[in-house]
1. Please turn the phi angles of the range 12-19 into ³J(HN,Hα) values with the Karplus equation 6.51 cos²θ - 1.76 cosθ + 1.60 (θ = phi - 60°), one per residue in order, whole Hz, x for glycine and proline.
2. Rounded if a/c is under 1.5, else prolate if a/b is larger than b/c, else oblate: which is the range 8-155, with a ≥ b ≥ c the root eigenvalues of its Cα gyration tensor?
3. So, R0 is 45 Å and r is the distance between the beta-carbons of GLU206 and LEU162; what FRET efficiency does that work out to, to 0.05?
4. If neighbour count is taken as other Cβ atoms inside 10 Å, put ASP256, ASP271 in order from fewest to most.
5. Full extension from ALA174 to ALA197: what is 0.36 nm times the residue separation minus their Cα-Cα distance, to one decimal in nm?
6. How far, in nm, would the chain grow between ARG299 and GLN322 when pulled straight, counting 0.36 nm per residue and subtracting the alpha carbon separation?
7. Most exposed first by the Cβ proxy, i.e. fewest other Cβ within 10 Å, how do SER189, SER129 rank?
8. Between LEU124 and THR154, what's the calculated FRET efficiency when r is the beta-carbon distance and R0 is 35 Å? Round to 0.05.
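Here, each number is a calculation from the coordinates, and none is a lab measurement. Model, not experiment: these values are computed from the prediction. Heads up, the Cβs are rebuilt from the backbone with ideal geometry, glycines too, and the neighbour counts pull from every protein chain shown.
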Amino acid sequence: MKRRGVPPALLDAFLVLVALIDTWANVGFDRGAPLGCALLASFALVLRRHLPLTTFLLTLPTALVTDAVFATLVALYTLSSLNRHRVLLGICALTYAVIDFLPWPWSNLRATELAGTRNVVHILYSVASAAAPVFLGQLVQARRELSLRLSEITEARENERLLTAQSVLAKERAQLAREMHDVVSHQVSLIAVQAGALQVGSGDPETKSAAATIRRLSVQTLDELRHMVSVLRASGSRPTELTPQPSLADLQRLVDGSGIEAELKTDLPGDLPPATQRAVYRTVQEALTNVRKHAPGARAIVAIHHMNGTIGLTVTNTAPTQAPLPLPGAHHGLVGLRQRAELLGGSITSGPTSDGGYELHLELPIGTT
């Protein structure tokens, strides 16, 4: 998260203002060369972020000929916070300490003035004044680099967590693929083989037709299972080509291969958005599957029409003529269809009819993409 602080331009303007106040307090505006040096140092602070060494050199004259040293100290601090060369920083600090200690003009310097407790204190003060901004700048630089390293470590840990989660997911997908291949595919293959044997060996036409339907659906299920196993085994390592998604052109084949007596009535155009076509297809598919499972012997009518920008799909079946078989199910089919319809701006209603049958109705906007 990016920290909010004072804008750099505003901070630089404030430092220039303080340097000008320092110039007014220690130099005044009635002196020639010293005033020029102080003003040069003050306005040079606007360059401190981009040219820190040049800024420091431009502020040295005011430290030499005046007592207005605020700009020089700021420039030395900025140089220290942006530079890693310890030797250069030491030379700059020593240069400032010497300039601050020696009087100007240097011709007034006397050897006897370098001795005494007062001058020792002055020397210590000059060295401390030069060292303080250097140490503070180095501290700020270390803190900035530490924050950067912490951000990198946090990002690396987050990437490691994501990689771990992906690895766990890949193992689970591989295990699921093995289970589907070894158990489900094997059992569906046996169903297909037994249905083929029944189709060949039976003399009853209805039995032959039912066996053919079972065999065809088993083969289709095997194809879909094989594709699902290949997708799961990919485990995100490479893009996996998806099977072609169903469209309205596949509806008649779906109804004909449903294994029940069903009739399709539709006047939908073929240029509907792909998401809408898939929703219609999956709804018809789930409705016919439910009829086959829960209403054996029933007849179904699939009626689809569009009016005023809305698709209306109704799947109605008659009352069953046989007792339903106890087949396993997760009871998530209608829930999934309802969620799909709601995502596309539509709705699904369902319920029993007065003659003992069942009706499912879908309304979906045509303009959905």
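1. Once rounded to whole Hz, the list reads 4, 4, 5, 5, 4, 4, 5, 5.
2. Note, shape of the range 8-155 comes out oblate.
3. Efficiency computed from Cβ-Cβ geometry: 0.20.
4. In increasing order of surrounding Cβ atoms, one gets ASP271, ASP256.
5. Gain on stretching ALA174 to ALA197: 4.9 nm.
6. Length gained between ARG299 and GLN322: 7.1 nm.
7. Placing the least packed residue first, the sequence is SER189, SER129.
8. The value I calculate is 0.20.
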